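Have a look at the structure below, then the notes.
The values are calculated or read from the model by the stated rules, or taken from the named source; none is laboratory data. All figures in this text were calculated on a predicted structure; none of them were measured in a lab. For neighbour counting, all protein chains shown are included, and Cβ atoms are generated from backbone atoms with ideal geometry for every residue, glycine included. Please note that ligands, DNA and RNA were not included when accessible areas were found on the heavy atoms of the full protein model with its side chains. Shrake-Rupley method; radii C 1.70, N 1.55, O 1.52, S 1.80 Å.
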Amino acid sequence: MRRAPGWLKAYCGGIYTFLYLPMGVMMAFSFNSAHRNVAWAGFTFRWYVKLFHDAQWAQALGTSLELAVSAAVISAALGLLASYAMARHSDFRGKRAYASLLNVPMMMPEVILGVGLLTFFVRAHLRLSFWTLVVSHVVFCLPYATGTIRARLMSLKQSSFEEAAMDLGATEWQAFKRVTFPLAWPAIFSGAVLAFTVSFEDFVTTFFVAGIGTVTMPIKIYSMMKFGITPEVNALATLLLLLTAAGLLAHYLLAGER
Amino acid sequence: MPEPLLRLESISKSFGSTPILKGISLEVQAGEFLTLLGPSGCGKTTTLRVIGGFEHPDDGRVFLAGAEVTDLPPYRRDVHTVFQNYALFPHLNVAENVAFGLVLRGMPKGAADVRVREALALVKLSGFESRRISQISGGQQQRVALARALVGRPSLLLLDEPLGALDLKLRKAMQLELKAIQRKLGLAFIYVTHDQEEALTMSDRIAVFNHGVIEQLGAPKDIYEHPRSSFVADFIGAANILDAKLTRLTDTEAVLLLENEVELRVPRPKTLDAAEGETVRVALRPERIEVLFSQASASASGLTHLPALLREAVYLGSATQIFLEPFKTGKTLVATTMDPVEKQLNGNASGQRVWLEIRPSDIRILERSAA
């Protein structure tokens, strides 16, 4: 095995420091007993306790969870249908356009997505509410869920499981229910988890389409920061970070299965 | 003539602009073992998928036991398939895999269990009921796939290169076992393979596929002994393919000028689509060429002797392959002999003068030469 030269190690070390040190500092300061992020004054859980006693924060967390779960479930369900169509039919008119258009929201700048959705809701005379927010989140979560589920369905197709089931007397629905769905379930769940993560941490689109009174965690953090970065913000951001990381880890563990 | 179990009527199928099947017609009788043989991409697997209901033909009709099934989905056809990759359900155990079709039919659990046990006993996997699919070997998976397809007692079983993933020894053993199971149950098998030896060993009849058409359909011996085209002669076993001019044609006999040099009288074949004066391809099996190391006395037994240069001898264990040059054109012929020829070869074999002994009736006239 070749050993990496010193300069390469230093370079990589520098990159990772730059990537992760700010998060580390933020997490560390969430346990700092001083009021300002300047000097370390001792370890405390005070900010977390305070956070959990603050009704506004709890409400923001609740809204975020409700929103992310709804967006994840809807995205996974729609993603399953779309993936099934693409895996089942080797070719249909406009299949490539269909597949690419599904992915566009993932690549589109979020500001544009946000403005577009807001314009749409206003023009359609839909009052901004929790549900307009769910619809908006599904728009950009769908490609993540679909990508994961579609990859799994494609590989299942390679193994002819569904054909084998139909050969043995299963109708298309029976084959789906008894074979395809159980085998695709880990991917469906992991696609939903990924969608959850993406929805949970979203700020830009939410900022545009959240109605008055619908406050998610990222929005709450942003509004808090107008008064400076308090240790409470650090604590909240740390929780957000851990939850997101847990979601991503779950996604990769499930997607890597088999 | 009883209604055949399966009848294909000029089946055509294209994928995009590529024609895969160009008018396949075929009949299979109950209890028959038919092999679809050909190189990859010749259309044999597509034919199987049309019969199974996984591909809809662009043109032509499929009949099972006299009833048209062309438009029926796979689950409404009384045929089961053993897939090339087995397609065993990884989330079910061995017994649940085998029982899959029975459960769908709503068979009571007790009766289904008995049938599953019988099927697993038939493929010698008794006691494997509760194993996971990932816990058994490739050969065992192959047996489970077979049991799963047999348990529903179809009248026709489709097998898509079922032994392709097994090693040679296991493959040979499974060939005999499959054939035994087929005989015992009296089932019709349609078996897809690209392995000509497998086809010759197992089949009642072989359909040789090439570029979406059936080049020849017949019993293994018939196909081996009387190939109708150079493709068939070359694909089934080894063959020397030569050009020959049809100098004279009578009701019983054809006179051939091999490689513009050697004249031979051969019996006229039953079917021949070439006329006098045309050039045809002919085939001669390597094992039908005798190599003599000294000039034989001209015998009256109708044998022909040709002087030749020996180019190379390759020892193959049970046989020796000898490369010969009998013609001025330098065209090489291959002969295979089971006799020990080490002594006569005198070490350095190349350039040695030998004689070929052939029986003109062993020469097979194939198609007209393209040239």
Looking at this structure, is B:GLY110 within 13 Å of B:ARG148 (Cβ to Cβ) and either basic (Lys, Arg) or assigned to a helix (DSSP H, G or I) (or both)?
no
Candidate set from region B:152-165 (those that are under 19 Å from B:THR45 (Cα atoms) and part of a loop (DSSP other than H, G, I, E, B)); member that is most open to solvent (accessible area, probe 1.4 Å)
B:ALA165
Looking for whichever is over 15 Å from the mean Cα position of the chain (by Cα) and in contact (Cβ under 8 Å) with a residue 60 or more places away in the chain here; the options are B:ALA274, B:ALA199. Which one fits?
B:ALA274
Looking for whichever is of a type in the set (Gly, Ala, Ser) and surrounded by 13 or more Cβ atoms within 10 Å (Cβ to Cβ) here; the options are A:ALA55, A:ALA60. Which one fits?
A:ALA60
Do you know which of the residues in region B:273-282 that are over 13 Å from B:ARG364 (Cα atoms), modelled with pLDDT of 80 or more and not aliphatic (A, V, I, L, M) is most open to solvent (accessible area, probe 1.4 Å)?
B:GLU276
Residues in region A:1-26 that are open to solvent by less than 60 Å² (accessible area, probe 1.4 Å) and within 23 Å of A:LEU241 (Cβ to Cβ) total 5
Kindly provide the set of residues from region B:103-112 that are within 20 Å of A:PHE176 (Cβ to Cβ) and either touching an Asp or Glu at 6+ places or on another chain (Cβ under 9 Å) or more than 11 Å from chain A (Cβ to nearest Cβ) (or both), ordered by number.
B:VAL103
What about B:ALA238, is it under 25 Å from B:PHE209 (Cβ atoms) and either in a strand (DSSP E or B) or at pLDDT 85 or above (or both)?
yes
Taking region B:2-27 and keeping residues out of contact with any Pro (no Cβ under 6 Å at 6 or more places or on another chain) and among the β-branched types (Val, Ile, Thr) leaves B:THR18, B:ILE20, B:ILE24
Within region B:200-234, restricting to residues that are out of contact with any helix residue (DSSP H, G or I) (no Cβ under 7 Å at 6 or more places or on another chain) and in a helix (DSSP H, G or I), the one that is most open to solvent (accessible area, probe 1.4 Å) is B:LYS221
State which residue is nearest to the other protein chains (Cβ to nearest Cβ) when the search covers only region B:58-93 and only residues that are under 18 Å from A:MET166 (Cα atoms), part of a loop (DSSP other than H, G, I, E, B) and in contact with a Lys or Arg (Cβ under 7 Å, 6 or more places away or on another chain).
B:VAL69
With the structure loaded, tell me whether A:ALA58 is out of contact with any Cys (no Cβ under 6 Å at 6 or more places or on another chain), in a helix (DSSP H, G or I) and free of Cβ contacts under 8 Å to residues at least 40 places away in the same chain or whether it fails that test.
yes
Based on this model, can you work out whether A:SER160 counts as within 14 Å of chain B (Cβ to nearest Cβ) and in contact with a Phe, Trp or Tyr (Cβ under 7 Å, 6 or more places away or on another chain)?
yes
Every residue from region B:305-335 that is of a type in the set (Ser, Thr, Tyr) and open to solvent by less than 30 Å² (accessible area, probe 1.4 Å):
B:THR320
Of all residues in region A:185-197, which are of a type in the set (Phe, Trp, Tyr) and either in contact (Cβ under 8 Å) with a residue 24 or more places away in the chain or farther than 30 Å from B:GLY101 by Cβ (or both)?
A:PHE189, A:PHE196
Please work out if A:ARG150 is touching a helix residue (DSSP H, G or I) at 6+ places or on another chain (Cβ under 6 Å) and either modelled with pLDDT of 90 or more or surrounded by fewer than 17 Cβ atoms within 10 Å (Cβ to Cβ) (or both).
yes
List, please: which pairs have Cβ atoms under 7 Å, are six or more places apart or on different chains, and start with a residue in region B:283-297 that is open to solvent by less than 80 Å² (accessible area, probe 1.4 Å) and end with one that is aromatic (Phe, Trp, Tyr) and not in a loop (DSSP other than H, G, I, E, B)?
B:LEU292/B:TRP355; B:ALA296/B:TRP355
Return only the number of the condition from (1) assigned to a loop (DSSP other than H, G, I, E, B); (2) within 14 Å of another protein chain (Cβ to nearest Cβ); (3) open to solvent by 20 Å² or more (accessible area, probe 1.4 Å) that B:ARG115 does not satisfy.
(1)
Does region A:81-104 contain at least one residue that is within 30 Å of A:LEU239 (Cβ to Cβ) and open to solvent by less than 50 Å² (accessible area, probe 1.4 Å)?
no
With region A:204-258 as the region, which helices (runs of 4 or more DSSP H) entirely inside it contain at least 3 residues that are surrounded by fewer than 18 Cβ atoms within 10 Å (Cβ to Cβ) and either of a type in the set (Val, Ile, Thr) or under 14 Å from the mean Cα position of the chain (by Cα) (or both)?
A:231-255
Just wondering, is there one or more residues in region A:161-184 that are free of Cβ contacts under 8 Å to residues at least 60 places away in the same chain, closer than 24 Å to B:VAL98 by Cβ, open to solvent by 10 Å² or more (accessible area, probe 1.4 Å) and of a type in the set (Gly, Ala, Ser)?
yes
Looking at this structure, is A:ALA192 within 14 Å of chain B (Cβ to nearest Cβ), crowded, with 19+ Cβ neighbours inside 10 Å and of a type outside the set (Val, Ile, Thr)?
no
Among the residues listed as B:ALA87, B:ALA65, the single one being open to solvent by 50 Å² or more (accessible area, probe 1.4 Å), aliphatic (A, V, I, L, M) and on the phi > 0 side of the Ramachandran plot
B:ALA65
